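Novice: If you scroll down you'll find the structure; I have some questions about it.
The values are calculated or read from the model by the stated rules, or taken from the named source; none is laboratory data. Since this is a predicted model, take the numbers as computed values, not measurements. Cβ sites come from the backbone with ideal geometry, for glycine too, and all protein chains shown count toward neighbours.
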Amino acid sequence: MRDWHGVTRNEHCADLEPARLLLRQARSVAVLTGAGISAESGVPTFRGAGGLWKQFRAEDLATPQAFERDPRACWEWYDWRRGILAKVRPNPGHYALADWERRIPQFTLITQNVDGLHAEAGNRSVLEIHGSIWILRCIACGREWKDRTFPLDLLPRCGACGGLARPGVVWFGENLNPEIWAAAERAVRSADVFLVVGTSAQVYPAASLAPLARSAGVRIVELNLEPTPLSGFVDLALAGRSGEILPRLLLPST
Ligand code: BV8
Ligand code: ZN
């Protein structure tokens, strides 16, 4: 069955040519990334082998209740993660997406990652739907500020009102920023191609973007080390490391 642009659906392909063809023709692109794209920078993923959550249960730490119950324990976990992130740099996968953005008229990068590596690699339009580990927010007055110090002086306080600060991330059970989420949905709906990289597609509503793309007739390419709940209905499921495949997939053919 040959499909639009000669690409067959749901092709688990080691050969990158069909995906390169599809992506090269796209004029409007939406990309969703997860922890997998930062793995090759040395950032532990959440659920894979050696994943962050292995030692910690997300429900125990990445929730408002956990922070309320024990802000110090919560902050010690985030400060430990900030320490890892302070030492890492973007990898070729991040740079390939930044380079691709410069060549595509309409490009939106939607990330679940809170590490800031896409912006550091040069992407300008990044929707951080789960917030940023480098932002602190005062729970008393709501003021937000960027802070990249490590280690943090725990417990961090707001310079304006002295209130307790929390990490500027979206915890389980918290709503995503409605404007950012609406922009992500708009970008996916209006894309020619939706590229999904390095996510286990377990966390919602981020994982609902792929079915949204499908219902809008947008072609979907997935890149992951292993199959995910999305792999069965994407147009092309590529198996491999994002740091190695993205440059081969996206960089202009010489
Ligand atoms: C909400 C910030 C209401 C904090 C995180 C249905 C609808 C709506 C909500 C729900 C729903 N069902 C359940 C819920 C509730 C919940 C949820 O999804 N629970 C899950 C566990 C079932 N969702 C929420 O609470 C969300 N809020 O629902 O509000 C609402 C409803 C509708 C619309 C709007 C609002 C809030 C969720 C946000 C939670 N915060 N992070 C922090 O970081 O501390 S989530 C956390 O998981 C990280 O952000 C992470 O990015 C994210 C997803 O994980 P992945 O990125 O996919 O990482 P993972 O380790 O799982 O996978 C890595 C993948 O990479 C693997 O597949 C691996 O194979 C691959 N890989 C590894 N190396 C490589 C690679 N691939 C390529 N190359 C490599 N080298
Ligand atoms: Zn304050």
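Novice: Can you find even one residue in region 154-168 that is assigned by TED's automatic domain parsing to the domain that holds Gly240, surrounded by fewer than 18 Cβ atoms within 10 Å (Cβ to Cβ) and touching a residue at least 60 places away in the same chain (Cβ under 8 Å)?
Specialist: no
Novice: Let me ask you something else. Can you confirm whether region 178-198 contains a residue that is buried (at least 18 other Cβ atoms within 10 Å of the Cβ), in contact (Cβ under 8 Å) with a residue 40 or more places away in the chain and within 16 Å of ligand 2 (Cβ to nearest atom)?
Specialist: The answer is no; no qualifying residue exists.
Novice: Continuing with this model, one more query. Look through region 207-242, keep the residues that are surrounded by fewer than 22 Cβ atoms within 10 Å (Cβ to Cβ) and not in a loop (DSSP other than H, G, I, E, B), and return whichever of them is nearest to the chain's Cα centre (by Cα).
Specialist: By that ranking, first place goes to Ala207.
Novice: For region 107-175, give me every one of the strands (runs of 3 or more DSSP E) that falls completely inside it and has 1 or more residues that are more than 10 Å from ligand 2 (Cβ to nearest atom) and of a type in the set (Gly, Ala, Ser).
Specialist: 131-138, 165-169
Novice: Of the numbered conditions (1) free of Cβ contacts under 8 Å to residues at least 60 places away in the same chain; (2) buried (at least 18 other Cβ atoms within 10 Å of the Cβ); (3) of a type in the set (D, E, K, R), Lys146 satisfies every one except a single condition; which is it?
Specialist: (2)
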